[in-house]
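Below you'll find the structure, written out as structure tokens, and then a few comments.
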Amino acid sequence: MPAMFKYLGWFIKKEWPKYILIILFTILFTYALTVPPKYIGLAVDAVTTNVLTKSKALEYFGIILLSALVIYLSAILKNFLIGKLFHRLYYEIRNRFLRNVFRQDGDFFEEFHSGDLISRATGDSNTVSRVATYVFFHLLDTIASLVITFTMLVGLNFQLTIYSILPLPLIFIVVVILRPKIMRNWRQVRKEVSHLNNLVMESVSHVKLIRGFVKEEEDEEKLGENAERVYKTERKAVYMQAVFQPTFRMVTVISQGIALAYGAYLIMHQLNFTVGSLVTFNLYLAMFSQPLFRLGNQITVLAQSTISFERVAEIIRHQPTIIDNVNATELTEIEKIEFQKLSFKYPKDNFYTIQDINLKINKGETLGIVGKTGSGKTTLVRQLLRQYPITKGKLKFNGKNVPVYKKESIRKNIAYVPQEHQLFSRTVLENLNLGIGENTKLSLDEAVEYADFKKDLEFLTDGLNTIVGESGVTLSGGQKQRLSIARAFLKGADVLILDDSLSAVDGITELNILESLLKLREGKINVIVSHRLSVVENADKIIVLDQGRIVEEGTHQELMANRKWYYEQYLAQQMEVEDEK
Ligand code: ADP
């Protein structure tokens, strides 16, 4: 809790006038609540002593009416301001959350999966915002009620107050015992819900795969088991809360009983106490125990919110693994890339995925990377994107070590078409627009033409405005690849990486795109990963990877003369093509 408000210092600093106003309205509201009981008491006394006049009655009525008006107005203003604060805070937290997610590197997305991130950005952020506004001010309301009504009670009769509130500390004993348990349980619930979210997301996005393998029942069973576990943990938490709340009611009724009995005793023995005071006292006592009861609920909500806060703060405070040096410079163009004895291992692995890579690529060159699946081709090209810190060795752009440059500026100069095509469920146009940046030279039409996507556009009902993906038209693997390539062409970056991006296109389309590459990318760097060797045949240099190492290197002719893996693979693939014909 304190950690949360400490963190939210920036928000409170910005919005302090609203906080002050809410506090003032809260005090006014609570004070106004104590006015009617006082005048009801006075009226009762006037009635019992037969001194109530018409004008007195009207005066009391008027005062009660006025306090009702104050209660009404201050509550409206208070709630309106709290609501405004809540929405502002929720917006700001999500904004910071997303901004920090965008700053993160590869390892972050391996640690935090999308389902988990979504549940933190929505459910947990909402809880934090709600607690820092609604719950916080309700707590303030509670404390103001406790202080003000306690003062009123003592003002009526000190001894009676002490006796009547004697059972109330029992509530705190229950709070102390049960609270940590409830907290622990809610933490478990949130964790399991996150896990379930991830599973559901996976099942939904892989529904075709699951159906394809006729694994619906197994998947359903797995989800069912997890849902059951969430249900059981939540049920336990709810049970505990169920015990928590009635305790308050029981204790407050006992307290009222004592007040009535001892108050009656005071009146009967004429110990400076009137019937009217007893009425007022009891009304105050109800006002005093109500916030105590609320306090229990608020503590529970606060207990839950600590967990939500930790979950949100973990993301908002997460430092990217790669942080730019203070004197990092902008990389404005890439003319030369050099790998010097570069080895890399993924953060969670204890072995190197690529090892001792020595490689030079100059402006105007095309590098082909081939090798078996899992040999490290993708890992190698991803080094250029600076998604992970360099483990060993050096990577240089234009002769300078990579950490010299701002990582954002590196990514600006590279267009990467990943193996798994990432398209938004939006229109073709919106997907293409993502590629438009400061280096864009091509028009949309040209990019589409060069990527050989024009022929596909003709078949899409709304052309560029056709929505693709989950909520629209499903594109074939080849179409997705061509659209992704068009987008990368648009970017006009100095380095273009095609990571097996032609795997799903037919031979003619492949030729067309490779021809475009020659025309479009003259004087620039292309890195082409492919399992089909015909794609890299004309590259200036080809490397063959095996278990993360470069095992062959040279032009197509040189590698053919080598008579090793490349040669054998090339012949095998040629035969496949012949067979298909
Ligand atoms: P290729 O592109 O040649 O098929 P990859 O670079 O994708 O090879 O993979 C090389 C090896 O690294 C594989 O064994 C793969 O399982 C592993 N790998 C790939 N991505 C990760 C990752 N994010 N974390 C840990 N290991 C990974």
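The values are calculated or read from the model by the stated rules, or taken from the named source; none is laboratory data. None of the values given here were measured: they were computed from a predicted structure. Note that each Cβ is placed from the backbone with ideal geometry, even for glycine, and that neighbours are counted across all protein chains shown. In case anyone asks, the SASA skips ligands and DNA or RNA and just uses the protein heavy atoms, side chains included. Shrake-Rupley method; radii C 1.70, N 1.55, O 1.52, S 1.80 Å.
With +1 on the Cβ of every Lys and Arg and -1 on the Cβ of every Asp and Glu, and nothing else charged, how large is the dipole of the range 344-467 about its Cα centre, in debye rounded to the nearest 20?
For the range 344-467, the charge dipole is close to 1120 debye.
With a 1.4 Å probe and all protein chains left in place, how much of the accessible area of the range 1-66 comes from carbon and sulfur atoms, in whole percent?
Roughly 76 percent of what the probe reaches on the range 1-66 is carbon or sulfur.
Which residue, Pro167, Leu85, Val238, has the largest displacement toward the positive end of the dipole of the chain when charges sit on each Cβ (Lys, Arg +1; Asp, Glu -1)?
The Cα lying farthest towards the positive end belongs to Pro167.
Can you check what the Kirkwood hydrodynamic radius comes to for the range 336-580, Cα pairs only, in Å to one decimal?
18.7 Å
Counting Lys and Arg as +1 and Asp and Glu as -1, each charge on the Cβ, what is the dipole of the chain about the Cα centre in debye, to the nearest 20?
So the dipole magnitude of the chain works out to roughly 2980 debye.
Hey, any idea what Rg/Rh is for the range 100-213, computing Rh the Kirkwood way over Cα pairs?
With Rh from the inverse mean 1/r over Cα pairs, Rg/Rh is 1.25.
Give me the percent of the accessible area of the range 336-580 that comes from carbon and sulfur atoms, probe 1.4 Å, all protein chains in place.
48 percent
Straight-line reach from Lys236: which lysines have a Cα under 23 Å away, not including same-chain ones fewer than 8 places off?
Cα-Cα hits under 23 Å: Lys181, Lys191, Lys222.
With a 1.4 Å probe and every protein chain left in place, work out the accessible area per residue of the chain in Å², rounded to a whole number.
So the chain comes to 53 Å² accessible per residue, rounded to a whole number.
Considering the convex hull of the alpha carbon atoms of the range 446-581, report its projected area averaged over all viewing directions, in nm², one decimal.
With every direction weighted equally, the projected area is 9.9 nm².
On a 0 to 90 degree scale, rounded to 10, what angle separates helix 9-48 from the longest Cα axis of the chain?
Between helix and principal axis, roughly 20 degrees.
Beyond a 24 Å Cα-Cα separation, which of these cross-linked pairs lie in this structure: Lys372/Lys455; Lys14/Lys84; Lys363/Lys564; Lys394/Lys541?
Lys372/Lys455; Lys363/Lys564, as the Cα separations exceed 24 Å there.
Listed highest first by mean packing, meaning other Cβ atoms within 10 Å per residue, what order do 208-219, 366-377, 85-96 come in?
Packing proxy ranking, top to bottom: 366-377, 85-96, 208-219.
For the range 23-80, compute the orientation-averaged projected area of the C-alpha convex hull (one quarter of its surface), in nm².
3.7 nm²
Need the list of aspartates and glutamates near Lys392 for cross-linking: C-alpha distance under 12 angstrom, and skip anything on the same chain fewer than eight residues off.
Straight-distance partners of Lys392: Asp356.
Could you pull out the chymotrypsin sites (Phe, Trp or Tyr not before Pro) across the range 312-354 that fall in loop regions by DSSP (anything but H, G, I, E, B) with no more than 10 other Cβ atoms inside 10 Å?
Those satisfying the criteria are Phe351.
Can you spot the aspartates and glutamates whose alpha carbon is less than 19 Å from Lys6's alpha carbon? Ignore those fewer than 8 places along the same chain.
Here the aspartates and glutamates satisfying the reach criterion relative to Lys6 are Glu15, Glu92, Asp124, Glu310, Glu314.
Do any trypsin sites (Lys or Arg not before Pro) in the range 444-487 lie in a DSSP loop with no more than 11 other beta carbon atoms within 10 Å, and if so, which?
Counting only loop positions with at most 11 other Cβ atoms within 10 Å, none of the trypsin sites (Lys or Arg not before Pro) in the range 444-487 qualifies.
How far, in degrees from 0 to 90, does helix 477-491 lean away from the longest principal axis of the Cα atoms of the chain, to the nearest 10?
90 degrees
Please tell me which of these pairs span more than 32 angstrom C-alpha to C-alpha: Lys341/Lys480; Lys54/Lys78; Lys18/Lys232; Lys377/Lys407?
Lys341/Lys480; Lys54/Lys78; Lys18/Lys232
In vacuum, with every alpha carbon of the range 164-238 counted as one equal point scatterer, what does the Debye formula give for log10 I(q)/I(0) at q = 0.14 Å⁻¹? Two decimals, please.
Once normalised to I(0) and log-transformed, intensities are -0.59.
Full extension from Ala572 to Arg411: what is 0.36 nm times the residue separation minus their Cα-Cα distance, to one decimal in nm?
This chain segment gains 54.3 nm when fully extended.
When N is the residue count of the chain, what does its C-alpha Rg come to as a fraction of 2.2 N^0.38 Å?
Compactness ratio reported: 1.44.
Between 0 and 90 degrees, rounded to the nearest ten: what's the tilt of helix 54-103 against the longest Cα principal axis of the chain?
Roughly 20 degrees between the two axes.
Report relative contact order for the range 336-580 in percent, whole number only (criteria: Cα-Cα under 8 Å, sequence separation at least 6).
About 27 percent, as a whole number.
Over the Cα atoms of the range 204-322, what radius of gyration and what Dmax do you get, in Å?
Reported Rg and Dmax, both Å: 27.0, 88.
Find the Rg to Rh ratio for the range 2-316, where Rh is the Kirkwood radius over alpha-carbon pairs and Rg uses the same atoms.
1.12
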